[in-house]
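*Asks:* Have a look at this one before I ask anything.
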């Protein structure tokens, strides 16, 4: 070889090594610089041990179901053992086939990318990022505003972080962290949320094709969104199945059959306004947990954040009973609504009572306008009253509530002013069911649809309770030794009331003028006898007694107290009735059992308050009296052919003036439940008692709910249950023929001695 050729060859060799070594040296230098923090601060050991991830706090039912979450990111962490091997194999086969062989950076893949993608310009040659590198990018995100040069330096940082992650965690832990962290969009952050939202499943129960679809989303979740792009998502799923077959995670024959299957999504978005117990979850968040976080700081003194700290809130709600309650309430409100709309067709002042004045109507409407988000937003923006008025009377596109569609939503054009009237025309209701022995609330339905009606009618709303207050009056009589068989005349009575004596009238005049036992008077809700008893024992004494039964709301000490003119929440009334079923012991209605942190450490256990409000004997006698309501009184339709509930049931209906409020509270040995029904304004109501009484508006909700509860033997509530008699002998005679004989012998036949 000539010297010239030899020199030329050496020159080429030098150029070759320069071209090869310089990039390698630069690469090594950049990695070392990144490791030294030249390109930005690297995560500390503690940050690698505890990478910042926002965990959703979960609201969990007593039967182990997740009722809802509070979150910035809808994420719940799971362990490696709870992940299907299909997910793990699909992820490795598709994203990082050499995952188990490298230490965070796959040099072979990097060279492949360099020579095939960069030099050969083959876009199909794949990427070079390992699963660990992708995890590093998720745990310590890039600056979205960074330019290309800065992004390149960030890549070096990610290599260093990936290497450190590999030293810090096992391969199984890295896989688990990756799947827990990945955002599958549609409010599905992490594999647990994704499994539930897309397939109604759990990560350990996913089928192969389901796992492959979720793995396929990880390349680009927006592009391969199965909800919006099912065809592209199916194609990507099949790519994952092919990769699984390529690396022997799946037989070719099985792959062929799986590729023909449809996606078969069971998509269910998780929206705070939707799902079971939405009213309960909102009250829990806004009233209970907000205060709890203030009063229970972390060990370091900072406050818990329900949106980020992954708390587990274990509640008393039973998801099955909650489902039954929501179904029962919807069924009755949906049934009654057409009858009300039929009344409105003939009402000039719809939806309000024809007797209220124009000025009163304007006051009601203006009050609702001023409470609306639209009004407050316009006020904050500086709009004048004239501009706001015009805005409220201008039709705009909106979505309103209706029973006519499956999702209860109707898209329409309507002025905001008219929408207020429309909204007020729908029957509302609140229902709660409580275990009387523990005080645990098992079901809580605060309204007909939380998306459109935010106001909770269980714990927040207060309405006149009507005749459901009467059992408290009769309890005073029993405490003073009166038997349910004691007779009183159903005659007009005038009760002193300052300068305005009060003469109550009965709603039903069929029994006017005759003698009635206390049990019958309560069963038929006779106002005159209830008023006479109130006067005899005093309103103040009644109020003092109900305070021990958990009713702390303001009650005026007036004779009309016996008719339920006071306003009390459903939860307080049902809680008070629980006292009768719990042998005279009031137990505070409770809806949270305990709260744990993300690691399962118990932070708080809730113990309800109790109060010995009545004697065991008096409570049992009152149960006996209220059984008459169902046997032959205002609640007797429970025994009829429609519901045919013949088991031991005590209870009381209630209907307020003008049918503005309808109530029914029913007591069984192991469950006390109550319902209020009415409209947003008391000026809106049914015109007749057929549909406007408690026996029509509220009792059917209780009946349908209990029928469903009884049908599910797993709930432990049976028609065979009976009220337990006191161990001590009952000194108050409840056998009326026997009582009448004793009374006649002792008084010579005079019933008033």
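*Asks:* Stretch residue 688-residue 639 to full length: gain in nm at 0.36 nm per residue minus the Cα-Cα span? Spell out each step's value before the answer.
*Replies:* Working: separation 49, 0.36 × 49 = 17.64 nm, distance 2.35 nm.
Extra length available between residue 688 and residue 639 comes to 15.3 nm.
*Asks:* Still on this model: Remind me, relative contact order of region 352-424 in percent, using alpha carbon pairs under 8 angstrom and six or more residues apart?
*Replies:* Values: 56 pairs, mean separation 18.6, N = 73.
It comes to 26 percent, rounded to a whole number.
*Asks:* Expressed as a whole number of Å, what is the distance separating the alpha-carbon centroids of region 598-621 and region 454-486?
*Replies:* Each part reduced to its Cα centre gives a spacing of 21 Å.
*Asks:* As a test of the formula, what do you get for the chain when each DSSP H run with n ≥ 4 contributes -39,500 (n - 2.57) and the sum is divided by the residue count, at 222 nm and rounded to the nearest 500 deg cm²/dmol? Each step should come with its number before you reach the end.
*Replies:* Values: 28 runs with 315 residues, N = 753.
Rounded to the nearest 500, the figure is -12500 deg cm²/dmol.
*Asks:* Per residue, how big is the convex hull around the C-alpha atoms of region 429-746? Give it to me in cubic angstrom, could you? Please list the in-between numbers first.
*Replies:* Values: hull volume 50.7 nm³, N = 318.
Once divided by residue count, the hull of region 429-746 is 160 Å³.
*Asks:* Return one number: the angle in degrees, 0 to 90 and rounded to the nearest 10, between the long axis of the Cα atoms of helix 208-217 and the longest principal axis of the Cα atoms of the chain.
*Replies:* 70 degrees
*Asks:* Given an 8 Å cut-off on Cα distances and at least 6 residues of separation, report the relative contact order of region 429-746 as a percent.
*Replies:* Details: 666 pairs, mean separation 66.2, N = 318.
Computed value for region 429-746: 21 percent relative contact order.
*Asks:* Still on this structure, I have one more. Sorted by mean Cβ packing within 10 Å, highest first, what order do the peptides 456-462, 72-78 take?
*Replies:* Working: 456-462: 22.3, 72-78: 19.0.
Put in order of decreasing packing, that is 456-462, 72-78.
*Asks:* Further question: What FRET efficiency, computed as 1/(1 + (r/R0)^6) with R0 = 22 Å and r the Cβ-Cβ distance, is obtained for residue 172 and residue 65, rounded to the nearest 0.05? Let's see the in-between values first.
*Replies:* Details: r = 28 Å, r/R0 = 1.28.
It comes to 0.20.
*Asks:* From the square roots a ≥ b ≥ c of the eigenvalues of the alpha-carbon gyration tensor of region 406-522, which class results: rounded (a/c under 1.5), prolate (a/b over b/c), or oblate?
*Replies:* Numbers: a/c = 3.03, a/b = 1.84, b/c = 1.65.
Prolate shape, in that a/c is at least 1.5 and a/b is the bigger ratio.
*Asks:* Run the simple label-point estimate for residue 227 and residue 557 please: 7 Å along Cα→C-beta, distance reported in nm.
*Replies:* 5.9 nm
*Asks:* So how much slack lies between residue 480 and residue 404, counting 0.36 nm per residue of separation and subtracting their Cα-Cα distance, in nm?
*Replies:* Values: separation 76, 0.36 × 76 = 27.36 nm, distance 5.32 nm.
Extra length from residue 480 to residue 404 when fully extended: 22.0 nm.
*Asks:* Tell me, what is the percent relative contact order of the chain, built from C-alpha pairs under 8 Å that lie six or more residues apart? Don't skip to the answer; put the middle values down first.
*Replies:* Working: 1288 pairs, mean separation 87.8, N = 753.
Relative contact order here is 12 percent.
*Asks:* Can you divide the C-alpha Rg of region 275-315 by 2.2 N^0.38 Å and report the result to two decimal places?
*Replies:* Details: Rg = 11.2 Å, N = 41, 2.2 N^0.38 = 9.0 Å.
Relative to the rule-of-thumb radius for its length, region 275-315 sits at 1.24.
*Asks:* Over the Cα atoms of region 513-635, how large are the radius of gyration and the largest Cα-Cα distance (Dmax), in Å?
*Replies:* Every Cα atom of region 513-635 included, Rg and Dmax give 18.0, 69 Å.
*Asks:* Do me a favour and compute the ellipsoid semi-axes for the chain from its Cα gyration tensor, root of five times each eigenvalue, largest one first, whole Å. Provide the component values of the computation, followed by the final result.
*Replies:* Numbers: eigenvalues 953, 163, 108 Å².
Gyration-tensor ellipsoid for the chain: 69, 29, 23 Å.
*Asks:* Would you please put 246-255, 670-679 in order of how densely packed they are, using the mean number of other Cβ atoms within 10 angstrom per residue and starting with the highest?
*Replies:* Details: 246-255: 14.0, 670-679: 26.8.
Ranked from most to least packed, the peptides come out as 670-679, 246-255.
*Asks:* Residue 291 to residue 355: FRET efficiency via 1/(1 + (r/R0)^6), r the Cβ-Cβ distance, R0 30 Å, to the nearest 0.05? If you can, show how the numbers build up before the last one.
*Replies:* Numbers: r = 43 Å, r/R0 = 1.42.
After rounding, the FRET efficiency stands at 0.10.
*Asks:* Where does each of 88-99, 516-527 land if you order them by average Cβ count within 10 Å, highest first?
*Replies:* On the way: 88-99: 20.8, 516-527: 23.5.
Order by mean packing, descending: 516-527, 88-99.
*Asks:* Tell me the angle of helix 616-632 to the major Cα principal axis of the chain, expressed in degrees between 0 and 90 and rounded to the nearest ten.
*Replies:* For helix 616-632, the angle is close to 80 degrees.
*Asks:* I want to verify the translational diffusion coefficient of region 327-425 in µm²/s; compute it with Stokes-Einstein, Rh as the Kirkwood radius over Cα pairs, at 4 °C and 1.567 mPa s. Let's see the in-between values first.
*Replies:* Values: Rh = 15.3 Å.
Once the numbers are plugged in, D ends up at 85 µm²/s.
*Asks:* Next question. What angle do you read, to the nearest 10 degrees and between 0 and 90, between the alpha-carbon axis of helix 148-168 and the longest principal axis of the chain?
*Replies:* Approximately 70 degrees, to the nearest ten.
Each reported figure results from applying straightforward, stated rules to the coordinates on display, with no laboratory input. Predicted model only: the values in this text are computed from it and were never measured. Positions of Cβ are backbone-derived with ideal geometry, glycine not excepted, and every protein chain shown enters the neighbour counts.
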